[in-house]
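Chemist: One structure coming up, written as C-alpha cells, with questions to follow.
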Amino acid sequence: MTQPLMRAHHTLLLLAFSIIALAGCGSGGPFAIDEAQEVQIGRKTAANLEAKYGVVNDAAQTARITQIGRRLVPQQPRQNLPWTFKILNSKEVNAVSTPGGFVYVTSGLLQAVGSDDNELAGVMGHEIAHVAHRDAAHDIQKEMEAQVALGVLLGGEQQAIQIAANLGTDLALSQNYREGEFDADRDGTNYAFHAGYRANGLLRFLEFLKTKYGDQSKVVTWFGDHPQTSKRITRLREQLQAMGQPAA
C-alpha cells in the first residue's frame, strides 16, 4: 500500500474511532476504547481476515497452535479475552493478532518453523503480547488525542465498530510502532519461557528471517513499521543473557 493511501486509510480509521468516542460509548475518557468494543472490533477484523485469506482446516496443526496458545495465555494478564488460534491460508511467513485476542499464524509460517514448537511459541508469544499491551487501541487513542475532535456523528456504536473493523483489516495492525515491537519481543519471549518453551525461540526465528530475507525484512508484509531485524535480534540476545538463557 502506498504511503498516501496508507495516510488516507489512517484518517478514515481515526474518523471511525472518533464516531465511537463522540457517541459516548467509551468509559475511560473522550477517546477511550473499552474492552467490549475492543473485542467487537477484533472479532469483525478477524472475520475480514478469514474472508480475505481463508482458514486452513487442518485439525492436527490447528490443535498444535491452540495447545501452544493455551499454554501462553496464562502467562499474561488478559486471560478473560476470547482467545482463539487459527491458521490463515497464506504463503507469507507471518503471524498476526487482532484486538481482543484473535491470533493467526499463516501456513507459510508453519512450513518455515517446521516441527520447532519453541520458535512457533516465540512468534505466537509476540502476537499475544501485542494484544496484552492493547497496542492497536493505545496507538489510535494517542493519535486521536493529538487531533481536534471531529464534529461528525454518522450512526451508533455498532456502525462505527463495523467501519473500524473493515478499515482495520488492512491498516490497524500495521500501526505497531518500533518500541511496541521491542516490547512485544521481550514479553512474548518471557511468556514462552514461563510456559515451558525454550526462551530463544523468537530469536532463532528472527535469525532465520534475517538470513533468508535480509535485515530490513520484506517478508513481514502486513506490518508497516517493524524495526530492523538485526536490532530486534540484538535486544533479544541481551535479554536472554540477562535471563541466563542460551541464545543458540
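Chemist: Distance between Cα centroids, region 95-122 to region 51-74: provide it in whole Å.
Modeler: Centre-to-centre distance over Cα atoms comes out at 8 Å.
Chemist: Quickly rank 97-110, 54-67, 192-205 as a protection proxy: mean count of other C-beta atoms within 10 Å, highest first.
Modeler: Details: 97-110: 24.5, 54-67: 13.6, 192-205: 22.3.
Packing proxy ranking, top to bottom: 97-110, 192-205, 54-67.
Values quoted throughout were computed directly from the atomic coordinates according to the rules given, and no laboratory measurement underlies them. Small disclaimer: the values here were computed from a predicted structure and weren't measured. Ideal geometry is used to build each Cβ from the backbone, glycine not excepted, and the neighbour counts take in all protein chains shown.
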